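**Student:** Here it is, the structure in full.
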Amino acid sequence: MRVCRAVCLGALVLAASAAHATDAAFTVSELKKHTFELAEKYFEQFQHPQTFVLYGAKLSTKDRWTSPQDVKSRKPKPWGYGSRVADTALHCGHTLVALLDANDAAPDPYLRKKAEELFSALKFIGGICPIQGLVPRGPHPDDSAAYYDDSSMDQHTTYIIALARYANSDLATAEDKQWIKKKLGAIGRRLERYNFSIKATDGVTQSHVGFSWKGFRSNHVSILIPTVYSLYKGTGDKHWLKLHDELLAERDGLRWQRLHAGDHVELNGHPIYANQNGFRLNAYLHFLEDAKQRTVIGDLLAQCAQMQLDRDFPGPFYRNFHSEDEWTALARKYNWDSAELPGAEAAWNLFKPKMLDDKGGLTALAHVRFPLGGYHSVLMSERAELIRRDLPTIWKMLKTVDLQKISAAETHYLFTTVALHAYAYCHKHPEQFAKSSGFGPHLANTFNTGIGSTIDVTIRGAHAYAIGNRTVHVLNITESGRPRPVGKLGGLGRVRQIVVEAGFAYITSREDGLFIVDVRDPKKPTRLSHHDTIEFATGVCKSGDVLVWRVARLALS
């Protein structure tokens, strides 16, 4: 017996197959109400009332921001981080696209009004720098001449994509489209002139994250290709379509191959930057019309979403910014099973509202911002099976977290965009997310085993074998409805699937390979062997003397 993937704070859950409609525990009208409440609070606190620009902190705290004079002096260094004005194009652009998606799915005067405001904000940002092809970072709300010309890849790509999406929406007037065509043309030509790298106003100094996008690694390609195609869709200028096709054809179509799912796919070390990659690929998916191309990009988005969900936290990137003592203290305080949280689900499942009373923001980063990024990637994938699977968790996050205890603007804007994208998807597919799904009554969680996050379960005789959080648990199931843990073994990597036969458990563990565990004594599971499967090991099954496991697109035995 195989129990479908379920994570519920240690509850052993029996559920309907994911192929059916998911009971998401809310109605579309409930989601709309909560989404609009989140958006209204976010705009009330972070949006400038005249320019409509979204800032990196609540406007009520503006007296504590970097002053206009210091912004003009390029302080704080490096790159204006901490100024609260450095990511305006990013926040405005991401939120505008989410509003457009929501309004496309279920038009509403409020969504239209806020989308029009953010388009106005992007026009304002685009007009403060005399170099029309540069997307500045800023400006300070008290002085439109106080901005950073040391821009970045994420500001540029988000700005381009957001304007292209707006130009292709029902909201754009003929005048809007003409302005967008001119603006995107200037930005595109400047990027092309500098080999798709970003230079400051002097045309010499390379900006922060201003590297050329014309490489052939998957990260480069997923920046370059969606952005160039968005230039075409936003301007209608066939120069950009021709360039897009030429870039894809170079080196025997290597860039197009890099846009396929596979082992070559990389995620940025910074989870937030990885989310931006999903945003760009989602725009490309949105604009593409060819069904085969859409399938390729959809598969890539799905892989990236799962990789984002599965990545460890804090990982190498975040460890650079906080001491080991800080991480150790956090792990000990909130009972992490190891030095790393093994994925978004594990991080969220440990969340308790009282965590937000901690000072410094590290707890919220680990148990709110990090998992939220993974679920944002799931929504960006537009892959129905992933969204159906994770929507109940997304809803719980939206309803549980008290954002007024979190100061970080990126968490507030991401909550709003996640809610808007969920709103859009549910309005496009209302049959999937109704409280009454037509597949019988809602299955309640009747008993919590206390074993933590669980990704797969199998049953043999009087015992169930559950894996999750790098551990296999053995549970006695002789008492109906009350499985009782009797043994466990940790240190098994990022476990994925398990089969048990003749007293031996065979466990795949993605990049950590294949583990064989002796479970003949249920109270003392013992590791027998570990095999390097070369590629990520996922599925596993056994028939007679043959064991088969799945790696990437192959099956090995």
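**Student:** Semi-axes of the equivalent ellipsoid of the chain: what are they in whole Å, largest first, if each equals the square root of 5 times a C-alpha gyration tensor eigenvalue?
**Tutor:** 43, 26, 23
**Student:** In whole Å, what is the distance between the alpha-carbon centres of the range 524-551 and the range 329-359?
**Tutor:** 30 Å
**Student:** Roughly how many debye, to the nearest 20, is the charge dipole of the range 456-556 about its Cα centre, given +1 on each Lys and Arg Cβ, -1 on each Asp and Glu Cβ, and no other charges?
**Tutor:** Here the range 456-556 has a charge dipole of around 300 debye.
**Student:** Would you work out which of Gly468, Gly481, Ile507 lies farthest towards the positive end of the dipole of the range 456-556? Charges go on Cβ: Lys and Arg +1, Asp and Glu -1.
**Tutor:** Comparing the listed Cα positions along the dipole, Gly481 ranks first.
**Student:** Name the residues whose placed amide hydrogens come within less than 5 Å of the amide hydrogen of Arg460, ignoring near sequence neighbours (fewer than 5 apart) on the same chain.
**Tutor:** Under 5 Å from the amide H of Arg460 lie the amide H atoms of Tyr465, each far enough along the sequence or on another chain.
**Student:** What relative contact order, as a whole-number percentage, does the chain give when Cα pairs under 8 Å and 6 or more residues apart are counted?
**Tutor:** Here the relative contact order equals 16 percent.
**Student:** After finding the eigenvalues of the alpha carbon gyration tensor for the range 464-557, what semi-axes result from the square roots of 5 times each, listed largest first in whole Å?
**Tutor:** The equivalent ellipsoid of the range 464-557 has semi-axes of 23, 13, 12 Å.
**Student:** On to the next question. HN-Hα J couplings of the range 55-65 from phi, Karplus 6.51/-1.76/1.60, θ = phi - 60°, integer Hz, Gly and Pro as x?
**Tutor:** For the range 55-65, the Karplus-derived couplings read 10, x, 6, 4, 4, 5, 9, 4, 5, 9, 7 Hz, x marking Gly and Pro.
**Student:** What number, in percent, do you get for the relative contact order of the range 164-252 if the mean sequence gap of Cα pairs under 8 Å and at least 6 apart is divided by its residue count?
**Tutor:** It rounds to 29 percent for the range 164-252.
**Student:** At 222 nm, what value in deg cm²/dmol follows for the chain if DSSP H runs of at least 4 each add -39500 (n - 2.57) and the sum is divided by all its residues, to the nearest 500?
**Tutor:** The per-residue figure over the chain is -14000 deg cm²/dmol.
Where a number appears in this text, it was derived from the coordinates with a stated rule and is not lab data. The model shown is predicted, which means the values in this text are computed figures rather than measured ones. Glycine also receives a Cβ, built like all others from the backbone with ideal geometry; neighbour counts cover every protein chain displayed.
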